[in-house]
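Engineer: Below is a structure I'd like to ask you about.
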Amino acid sequence: MSDRAPQPVERQLPTEEARDLLALVREIAQREIAPKAAEEEDAGRFPREVFTLLSESGLLGLPYPAEHGGGDQPYEVYLQVLEELATARLTVGLGVSVHTLASYALATYGSKQQQVEHLPAMLGGGLLGAYCLSEPSSGSDAASLRTKAVREGDTWVLDGTKAWITHGGIADFYTVMARTGEDGPRGITAFLVPGDAPGLSGAAPERKMGLKGSPTAQVHLDGVRVPDGRRIGEEGQGFSIALSALDSGRLGIAACAVGLAQAALDEAVRYATERRQFGRPVADFQGLRFMLADMATQIEAGRALYLAAARLRDAGRPFAKQAAMAKLHCTDTAMKVTTDAVQILGGYGYTADFPAERYMREAKVLQIVEGTNQIQRMVIARHVAGPEGR
Ligand SMILES: Cc1cc2nc3c(=O)[nH]c(=O)nc-3n(C[C@H](O)[C@H](O)[C@H](O)COP(=O)(O)OP(=O)(O)OC[C@H]3O[C@@H](n4cnc5c(N)ncnc54)[C@H](O)[C@@H]3O)c2cc1C
C-alpha cells in the first residue's frame, strides 16, 4: 500500500454544523456508495436505496427551508456535499443535483399552499424528482418545445414527449415545462406532475456511453390530467422558471464535475505511486509529476470558481455569469483530468479493471447536460460583450 494514499479534500466550511454534515456525507459515501459503484454502473443498476437513505439522512433537500422539510443549508455547503457524493459515484451526485433542480420550481415559485402540501414529501419524504425541459426536437433551443397543456375548466391536459429525462420512468414527481400559449419563451408554463399520473409513461432507458446506472429516458405524456392547483407560477412564466432553475442546477453540475475529477486524480496518484518502472515508482518521473500537478491545480481552480459563484448566490447577488463559467470550467476540467488519469494508468487505464476509463466516459456527459458548453460560452459572452446583433 502506498504511503501517499489520497487525503480528504481541505474544505472551508462556514459552520460546525456544516463540518459535521460533510463528515456524515463522507461516511455514507465511503460505506454505502463507493464500494458498489463500479459493479452497479457496469450492470446499469440505479441505487434507489441510496436515495432513500439520503432522504432519511436529510440530504435530499439541503438548500431548501427547514419549515418545508429542507436542510436550510447555503449553496456553499450543499455543493460541497454534491462534490463528495460525485467523487464516490457520479450517478448519485448527479441524481441529487437533478432532484434539487426538480424541486426548485415549487420551492421558489410555488404558492404557500402548494409548498405546504407538496414540499415536505419532495424534500424529505423519500420521493425522487425529475426535471422535464428537453424534447426530441428541442434541446439547446428549449424555448421551441412542443409539449402542450390545454385547459379544461380547472384541469390541464398535457400531451407530448419529453426527452433525455434523468430518472425518467422511475421518478415520483416530474416538473414539466409545457406550452400553454404563443410560440417562443412566453407561451410556456410549469407543472408538477405526479409519477403515477394516468397517461404518463417512461420509455426504455437510453443506451449511453457512461453514467449507465442513472436512467435517462423519454417521458410520454398522453392526455395526462393535472389540476390547476399543480400549475407552478403564472401562466407563461414557465420558461423563466426553467432558466432560473438551471442557473442553480449548473452549479450542481460544476460541483459534480469537480468531485469526479477528484476521484480520477486520487486514482492516478494511487496508481502512479505504486506502479514501478525503471526501478522507481512512475510518480517519480517528472513527465507524470507535472501532469499530476496540473490536474490538481485545475481541480482546485474549479472548486474555487463554483464556490465563488455559490457565495454570490448565498448573498442574494446575481450569479448567472459565474454559474455558467463554473459549469464550463469544471466540466472541461473533468474531461481533461479523467483523460489524463487514463494516460497515467497506461494500458491498465484503458481497461474496465480500473475506474479511470469509467470516469472518462462519465465526464463527457457533463459537458452536454444542463446547457452544452457551447451554450455556456454564449451565456458568458452575453454578460461580457452584451447581446448579439445590436
Ligand atoms: C445523460 C443525459 C441526461 C439529461 N438529463 C436531462 C434532464 O433531466 N432534463 C432535461 O430536460 N434534459 C436533460 N438532458 C438533455 C440535455 O440538457 C440536452 O442534451 C442538451 O441541452 C443539448 O441538447 P441536444 O442534445 O438536443 O443538442 P442540440 O441542442 O441539438 O445541440 C447539438 C450541438 O449543437 C450545438 N449548438 C446548439 N445550438 C448552438 C448555438 N446556438 N451555438 C453554438 N452551438 C450550438 C450544441 O452545443 C451541440 O454541440 C440530458 C441529456 C443527457 C445526455
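The values are calculated or read from the model by the stated rules, or taken from the named source; none is laboratory data. Remember, predicted model here, so these are calculated numbers, not experimental data. Methodologically, a virtual Cβ is constructed for each residue, glycine included, from the backbone with ideal geometry; neighbour enumeration extends over all protein chains shown.
Engineer: Within the set of pairs 6 or more residues apart or between chains, which connect a residue that is not assigned by TED's automatic domain parsing to the domain that holds Val92 inside the stretch 360-383 to a residue that is within 8 Å of the ligand (Cβ to nearest atom) and part of a helix (DSSP H, G or I) with Cβ atoms less than 6 Å apart?
Structural biologist: As it stands, the answer is Gln367/Asn373, since those pairs meet every condition given.
Engineer: What helices (runs of 4 or more DSSP H) completely inside the stretch 297-390 contain at least 2 residues that are in contact with a Ser or Thr (Cβ under 8 Å, 6 or more places away or on another chain)? Before the answer, list the steps.
Structural biologist: Numbers: elements: 320-344, 346-349, 356-366, 373-385.
Per the criteria, 356-366, 373-385.
Engineer: Return only the number of the condition from (1) surrounded by fewer than 18 Cβ atoms within 10 Å (Cβ to Cβ); (2) assigned to a loop (DSSP other than H, G, I, E, B); (3) not β-branched (Val, Ile, Thr) that Pro120 does not satisfy.
Structural biologist: Exception for Pro120: condition (2).
Engineer: Also, I was wondering about something else. Among the candidates Val92, Val9, which residue alone is β-branched (Val, Ile, Thr), modelled with pLDDT under 95 and within 28 Å of Ala326 (Cα to Cα)? Explain how you work it out, then say what you get.
Structural biologist: On the way: Val92 fails: modelled with pLDDT under 95.
On inspection, the qualifying residue turns out to be Val9.
Engineer: Taking the criterion of being more than 30 Å from Glu10 (Cβ to Cβ), of a type in the set (Lys, Arg) and not in a loop (DSSP other than H, G, I, E, B), would at least one residue in the stretch 127-147 satisfy it?
Structural biologist: Initial filter on the stretch 127-147 (more than 30 Å from Glu10 (Cβ to Cβ)): 127-147.
Restricting the remaining residues to those that are of a type in the set (Lys, Arg) gives 146.
With not in a loop (DSSP other than H, G, I, E, B) added as a condition, the list becomes none.
Checking the stretch 127-147: not a single residue is more than 30 Å from Glu10 (Cβ to Cβ), of a type in the set (Lys, Arg) and not in a loop (DSSP other than H, G, I, E, B).
Engineer: Hey, does the stretch 172-186 have a residue that's more than 12 Å from the ligand (Cβ to nearest atom), within 28 Å of Ala37 (Cα to Cα) and under 18 Å from the mean Cα position of the chain (by Cα)? First the steps, then the outcome.
Structural biologist: Within the stretch 172-186, the first condition is being more than 12 Å from the ligand (Cβ to nearest atom), and the residues that meet it are 172-173, 178-186.
From what is left, the residues that are within 28 Å of Ala37 (Cα to Cα) are 172-173.
Add one more test, that the residue is under 18 Å from the mean Cα position of the chain (by Cα), and what stays is 172-173.
Yes, the conditions are met somewhere in the stretch 172-186.
Engineer: Now a separate question. Suppose we keep only residues that are assigned to a loop (DSSP other than H, G, I, E, B) and small (Gly, Ala, Ser) within the stretch 196-220. Which one would you say is nearest to Pro355 (Cα to Cα)? Write out each step before concluding.
Structural biologist: Filtering the stretch 196-220 for residues assigned to a loop (DSSP other than H, G, I, E, B) gives 196-199, 203-215.
From the residues that got through so far, the ones that are small (Gly, Ala, Ser) too are 197, 199, 203-204, 210, 213-214.
On the way: Ala197: 39, Gly199: 40, Ala203: 29, Ala204: 26, Gly210: 12, Gly213: 15, Ser214: 17 Å.
Only one residue tops the list, namely Gly210.
Engineer: Suppose the filter is surrounded by fewer than 17 Cβ atoms within 10 Å (Cβ to Cβ) and touching a residue at least 12 places away in the same chain (Cβ under 8 Å); does Leu79 pass it? Give the steps one after another, and end with the answer.
Structural biologist: Details: surrounded by fewer than 17 Cβ atoms within 10 Å (Cβ to Cβ): no; touching a residue at least 12 places away in the same chain (Cβ under 8 Å): yes.
Here the answer is no, as Leu79 does not meet what is asked.
Engineer: With Ser138, Ser97 as the choices, which residue is within 16 Å of the ligand (Cβ to nearest atom) and in the same structural domain as Leu158 (by TED's automatic domain parsing)?
Structural biologist: Numbers: Ser97 fails: in the same structural domain as Leu158 (by TED's automatic domain parsing).
After ruling out the rest, the residue left standing is Ser138.
Engineer: Which pairs turn up if I take residues in the stretch 141-167 that are closer than 20 Å to Arg225 by Cα and look for partners that are of a type in the set (Phe, Trp, Tyr) with beta carbon separation below 6 Å, at least 6 apart in sequence or on another chain?
Structural biologist: Ala149/Trp156
Engineer: Could I ask something else about it? Can you say whether Val193 is outside the structural domain of Ala105 (by TED's automatic domain parsing), assigned to a strand (DSSP E or B), away from the ligand (no atom under 12 Å from the Cβ) and over 22 Å from Gly126 (Cα atoms), as far as the supplied structure shows? Before you say what the answer is, go through the steps one by one.
Structural biologist: Details: outside the structural domain of Ala105 (by TED's automatic domain parsing): yes; assigned to a strand (DSSP E or B): yes; away from the ligand (no atom under 12 Å from the Cβ): yes; over 22 Å from Gly126 (Cα atoms): no.
The answer is no for Val193.
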